[in-house]
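A.B. asks: Please read through the structure below; I'll follow up with questions.
The values are calculated or read from the model by the stated rules, or taken from the named source; none is laboratory data. Here the structure is a predicted model, which means the values were calculated and not measured. Note that we place each Cβ from the backbone using ideal geometry, even for glycine, and neighbour counts take in every protein chain shown.
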Ligand code: T4K
């Protein structure tokens, strides 16, 4: 196969037209206001609230998703050292936010259908130290929302969703951010939709949002009153400008992603040894934020590492999001794990995320698929 002339990376940030960014930066310069509750931030939050279908008083913006999640856990009134049940199949930030908030992650099993937390495993892992559940809508695939809410209610646990991958996802017409006690979205540059670096917390509890808004601003609650636990997790006007510039293309970005994913799925559907997660049901407005495949080494003829290597030789750079499981990395080696996690391990051992970003052409998608299919045929 002929390699690509230029490297095809797993993702590339969406770049809105530069003239649009210039116009917004002109406003920033004209205002002479760079950060700390500026007018562009207010407009960005208002616009995001509209796109997410969430009230502005149920949303707060932060410097990034990791800090947003850390602060939210700190704001929930959980006892230090309390246990937070979470998934091992996620980005390191989920576990770090829990640890940084002075809590202990407990890793439990995931579901084969969508790699999200298995509610039965969650319930079985609850003990007297458990204080919260932090499920991840991994790759934008919604968790078992009703079952997890039911468990949280019955055991009086806080439910904080890591919705980092979820901009544009809704269930039965309701934003995914409307579920649980709170949800964290990441608007990092490599996400489907972004503000360079930014995190968003949504919560049906406006009081939680008010407390978070104080904490992200050093704990200031008025000119002289300062509450404990504050830090600096604000977002600047420059970030808000880029975010606003991207907002205009929100629906176009989602539409393009849907077309690319549909093409990938159609091309790869019958490739022996390449499995795809089933799409969420019709109640879900899905965002196709990543393009994960599962490589079965026996049927495909090589494993995901070897396929990654082969594609690299053809100038295609994939990523093994999220291998290794968090419980297998040094940073979390001391954390409790409930069970052998055969499903999570099966998924992590096989997963490979193929390139997907706004500018990726359909022709490139077809060529990448051919490379995957041909590798199988030559195995
Ligand atoms: N929870 C979950 C489940 C998450 O996935 C994440 C973040 C978080 C929480 C935390 O949210 P934030 O605190 O980030 O808001 C990337 C992102 O940095 C990270 O945000 C994301 N998840 C994770 C899944 O992916 P890396 O280490 O893979 O990024 P990096 O720099 O290797 O970039 C990936 C590809 O994109 C490379 O091929 C290079 C390309 N790239 C990247 C950047 C930044 C560009 O072409 N241009 C760029 O400007 O973590």
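A.B. asks: Residue check: is residue 94 part of a helix (DSSP H, G or I), at pLDDT 95 or above and within 13 Å of the ligand (Cβ to nearest atom)?
C.D. replies: Spelling it out, residue 94 is indeed part of a helix (DSSP H, G or I), at pLDDT 95 or above and within 13 Å of the ligand (Cβ to nearest atom).
A.B. asks: Oh, and also: Just to be sure, is residue 317 within 16 Å of the ligand (Cβ to nearest atom) and crowded, with 19+ Cβ neighbours inside 10 Å?
C.D. replies: no
Results for (1) closer than 30 Å to residue 316 by Cα; (2) away from the ligand (no atom under 15 Å from the Cβ); (3) modelled with pLDDT of 95 or more; (4) touching a helix residue (DSSP H, G or I) at 6+ places or on another chain (Cβ under 8 Å), shown as yes or no for each residue.
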| residue | (1), (2), (3), (4) |
| --- | --- |
| 12 | yes, no, yes, no |
| 17 | yes, yes, yes, yes |
| 28 | no, yes, yes, yes |
| 32 | no, yes, yes, no |
| 38 | no, yes, yes, yes |
| 41 | no, yes, yes, yes |
| 55 | no, yes, yes, yes |
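A.B. asks: Please work out which one of (1) more than 14 Å from the ligand (Cβ to nearest atom); (2) outside any loop (DSSP other than H, G, I, E, B); (3) surrounded by 15 or more Cβ atoms within 10 Å (Cβ to Cβ) is the condition residue 305 fails and give its number.
C.D. replies: Evaluating residue 305 over (1) more than 14 Å from the ligand (Cβ to nearest atom); (2) outside any loop (DSSP other than H, G, I, E, B); (3) surrounded by 15 or more Cβ atoms within 10 Å (Cβ to Cβ) leaves (3) as the failure.
Residue-by-condition table, conditions (1) out of contact with any helix residue (DSSP H, G or I) (no Cβ under 8 Å at 6 or more places or on another chain); (2) at pLDDT 95 or above; (3) crowded, with 22+ Cβ neighbours inside 10 Å; (4) not assigned by TED's automatic domain parsing to the domain that holds residue 273:
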| residue | (1), (2), (3), (4) |
| --- | --- |
| 330 | yes, yes, no, yes |
| 337 | no, yes, no, yes |
| 344 | yes, yes, yes, yes |
| 372 | no, yes, yes, no |
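A.B. asks: Further question: Test residue 236 against the stated conditions and say whether it is in contact with a strand residue (DSSP E or B) (Cβ under 8 Å, 6 or more places away or on another chain) and in the same structural domain as residue 155 (by TED's automatic domain parsing). Explain how you work it out, then say what you get.
C.D. replies: Working: in contact with a strand residue (DSSP E or B) (Cβ under 8 Å, 6 or more places away or on another chain): no; in the same structural domain as residue 155 (by TED's automatic domain parsing): yes.
It is false that residue 236 is in contact with a strand residue (DSSP E or B) (Cβ under 8 Å, 6 or more places away or on another chain) and in the same structural domain as residue 155 (by TED's automatic domain parsing).
A.B. asks: Do we have residue 178 as within 16 Å of the ligand (Cβ to nearest atom) and assigned by TED's automatic domain parsing to the domain that holds residue 46 here?
C.D. replies: It is false that residue 178 is within 16 Å of the ligand (Cβ to nearest atom) and assigned by TED's automatic domain parsing to the domain that holds residue 46.
A.B. asks: Hey, among 106, 122, which residue is assigned to a strand (DSSP E or B), farther than 27 Å from residue 50 by Cβ, more than 11 Å from the ligand (Cβ to nearest atom) and in contact with a helix residue (DSSP H, G or I) (Cβ under 7 Å, 6 or more places away or on another chain)?
C.D. replies: Answer to the selection: 106.
A.B. asks: In addition: Right, residue 63: within 30 Å of residue 249 (Cβ to Cβ) and surrounded by fewer than 22 Cβ atoms within 10 Å (Cβ to Cβ) or not?
C.D. replies: Considered against the rule, which asks whether it is within 30 Å of residue 249 (Cβ to Cβ) and surrounded by fewer than 22 Cβ atoms within 10 Å (Cβ to Cβ), residue 63 comes out as yes.
Residue-wise test of (1) over 14 Å from residue 69 (Cα atoms); (2) within 13 Å of the ligand (Cβ to nearest atom); (3) touching a residue at least 12 places away in the same chain (Cβ under 8 Å); (4) touching a helix residue (DSSP H, G or I) at 6+ places or on another chain (Cβ under 7 Å).
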residue: 84; (1), (2), (3), (4): no, no, yes, yes
residue: 89; (1), (2), (3), (4): yes, yes, yes, yes
residue: 112; (1), (2), (3), (4): yes, no, yes, yes
residue: 142; (1), (2), (3), (4): yes, no, yes, yes
